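The block underneath contains the structure these notes are about, expressed in structure tokens.
Read-outs throughout are calculated quantities, based only on the coordinates presented, and are distinct from any laboratory measurement. Not measured: the values here are computed from a predicted model. Here the Cβ positions follow ideal geometry from the backbone for every residue, glycine too, while neighbour counts run over all protein chains shown.
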Amino acid sequence: MIRSTIPARLDRLPWSRWHWRVSIALGVAWVLDGLEVTLVGSLGAALQRPDSLGLSAGEIGASGSLYIAGAVLGALFFGRLTDRLGRKRLFLTTLAVYMTATLATAFAPDYFWFAVCRWVTGFGIGGEYAAINSAIDELIPARLRGRVNLSINGSFWVGAALGAALSLVLLDPRIFGPALGWRVCFLFGAVFAGVIILVRRHVPESPRWLLAHGRSGEAETVIAQIEAEIEERAGKLPQASKTTDYGRGRGPSLAQVARALLIEYRQRSVVALALMVAQAFFYNAIFFTYALVLSRFYGVPDNRVALYIFPFALGNVLGPYLLGPLFDRIGRRRMIGATYILSGLGLALTGWAFVAGWLDAGTQALCWSGVFFLASAAASSAYLTVSEVFPLEMRALAIAVFYAVGTGVGGVVAPVLLGFLIQTGSRFAVASGWASGAALMVLAGGLALAFGVDAERKSLEDIARPMGLEPQ
């Protein structure tokens, strides 16, 4: 057994430039995902041109599905490795995979190459989720973990807005035009990732992970370097006397992970699964079909659809940023339950107004922006939940499992269902699809209120005891 004050020393650190650097270097994963998802949607018309790749609408849709499939498998594959080999090794590897695949996408000569590159890009992004969220939670002080995690997860929409803006500018015939502009968009993503790799090299391995793998000497070296850097600006740090015990194991087997998820932490698993599936269905039901709704029901031209993502993205960015502090002050259960239930009710009311014909394209976009101000905080809190309520030794794999299930269910079912309903041309049918997502959010919020974990301002080791220790 290893007994250490390192968790307490990490949690008592004041917010500093070091924390900003870590948050930006790691949190950019969400920006990249938002960039990738939006780029393909915004570049759809350009990719169908005969002077580009000449893809069909079906091939564009299939490439989106391949991206999601790659992300699901990447999360599971890299999630397991992140727990076994370390946070730093994997958050460098997954970003390198993303960068290489995105660079290759920019030079794709045909659909087959483009599709393969999209799958590999998703594979890297899925791995990013597992490696990044586990590292962030283990490095951020407990009193700030909620707001920081939510703000980082909400940055997906910074990437979404960036992707929309890039497509509008680079596809302009006066700049690069559609034939070349789509390649430059993907090239930009690869260059951006390359810059971030250089920054991430200076992010240390999680001292908590080192302790859990019996490497206490390395953990002491890392925490001493962090403290020395912060003390240069903040002055002498207070002493931390609280100790935490860790086992000396090499990490749990898959059977032990399954036992923890299905038996020891069964109630937490049910809540986490409900939160992840509900938010994935809710988001994908709107995000992957908003362009179809705008064009079919409001007559918005294809070349103007991208403009409507900006108010949508603004609400999604501001929600986690402004509401995040309340998850640390008021508490996890209350805020998760409130944001889930209110966002579900908001979408149901939006559907009612849509059926009644009270909205135009602008007010429809504003309604979505308001609903997703709440829903973005809710969805981000789902990722926060799965990353903090399970033991350190299996944290990355737990994130991966719930991300994979949530994305696999919500990411596949919702776009197909809403696409079919939109094709009917019936406003009532579309609103019924939205109502399904709203009902899932209300149900998940109720479960969180009743059975969620009060994790606010608590050390990760107090929320879930390290594995490998005999019960006391």
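Quick one: 3J(HN,Hα) in Hz for region 104-117, Karplus 6.51/-1.76/1.60 with θ = phi - 60°, rounded, Gly and Pro as x.
Result, ordered by residue: 5, 4, 4, 10, 4, x, 7, 5, 4, 5, 4, 5, 4, 5 Hz.
Calculate the FRET efficiency for ARG17 and LEU187 from the Cβ-Cβ distance with a Förster distance of 30 Å, rounded to the nearest 0.05.
0.45
From the phi angles alone, apply the Karplus equation (6.51, -1.76, 1.60; θ = phi - 60°) to region 184-196 and give each ³J(HN,Hα) in whole Hz, x where the residue is Gly or Pro.
Listing the rounded values in order: 5, 4, 5, 4, 4, x, 5, 5, 4, 5, x, 5, 5 Hz.
Between ASP360 and GLN48, 0.36 nm times their residue separation minus their Cα-Cα distance comes to what? All intermediate terms of the calculation are to be shown ahead of the outcome.
On the way: separation 312, 0.36 × 312 = 112.32 nm, distance 2.87 nm.
Gain on stretching ASP360 to GLN48: 109.5 nm.
On C-alpha positions alone, give me the angle between the axis of helix 361-388 and the longest principal axis of the chain, in degrees, nearest 10.
Helix 361-388 sits at roughly 30 degrees to that axis.
What does the charge count around ALA377 come to, taking other residues whose C-beta lies under 13 Å from its C-beta (Lys +1, Arg +1, Asp -1, Glu -1)?
Surrounding charge for ALA377 is +2.
Using the count of nearby Cβ atoms within 10 Å as a rough guide to exposure, how do PHE354, PHE282, PHE176 rank from fewest to most?
Going from sparsest to densest Cβ surroundings: PHE176, PHE354, PHE282.
By how many nm would the segment from LEU307 to GLU232 grow when fully extended, if each residue of separation counts as 0.36 nm and the alpha-carbon distance is taken off?
Details: separation 75, 0.36 × 75 = 27.00 nm, distance 4.57 nm.
Length gained between LEU307 and GLU232: 22.4 nm.
Could you point to the residue in PHE297, GLY44, LEU254 farthest towards the positive end of the chain's charge dipole, with +1 and -1 charges on the Cβ of Lys/Arg and Asp/Glu respectively?
Value: LEU254.
With angles folded into 0 to 90 degrees, how steeply does helix 332-356 sit against the dominant principal axis of the chain? Use alpha carbons for both and round to 10.
With both axes taken from Cα atoms, the answer is about 10 degrees.
Can you give me the relative contact order of region 1-235 as a percent, contacts being Cα pairs under 8 Å and 6 or more apart?
It rounds to 34 percent for region 1-235.
Using only Cα atoms, figure out Rg for region 360-426 and give it as a multiple of 2.2 N^0.38 Å.
Scaled against compact globular proteins, the figure is 1.50.
Rank these for me by crowding, TRP209, TRP15, going from fewest to most other beta carbons within 10 Å. Show your work: numbers first, answer last.
On the way: TRP209 25, TRP15 15.
Placing the least packed residue first, the sequence is TRP15, TRP209.
Per residue of region 128-137, what does 6.51 cos²θ - 1.76 cosθ + 1.60 with θ = phi - 60° give for ³J(HN,Hα)? Whole Hz please, x for Gly and Pro, Karplus curve as stated.
Per residue, the Karplus-derived 3J(HN,Hα) values read 4, 4, 5, 5, 6, 5, 5, 5, 4, 4 Hz.
What's the local net charge at ALA165, with K and R +1, D and E -1, over the other residues with C-beta under 15 Å away? Please list the in-between numbers first.
Working: positive: ARG304; negative: GLU36, ASP172.
Net charge around ALA165: -1.
Working from Cα positions, state the angle (0 to 90°, nearest 10) between the long axis of helix 145-154 and the longest principal axis of the chain.
Around 20 degrees separate the two axes.
About its Cα centre, how strong a charge dipole does region 251-472 have in debye, to the nearest 20, once Lys and Arg get +1 and Asp and Glu get -1 at the Cβ?
Once rounded to the nearest 20, the dipole reads 240 debye.
For a footprinting-style exposure proxy, rank LEU261, LEU211, LEU314 by other Cβ within 10 Å, fewest first.
LEU314, LEU261, LEU211
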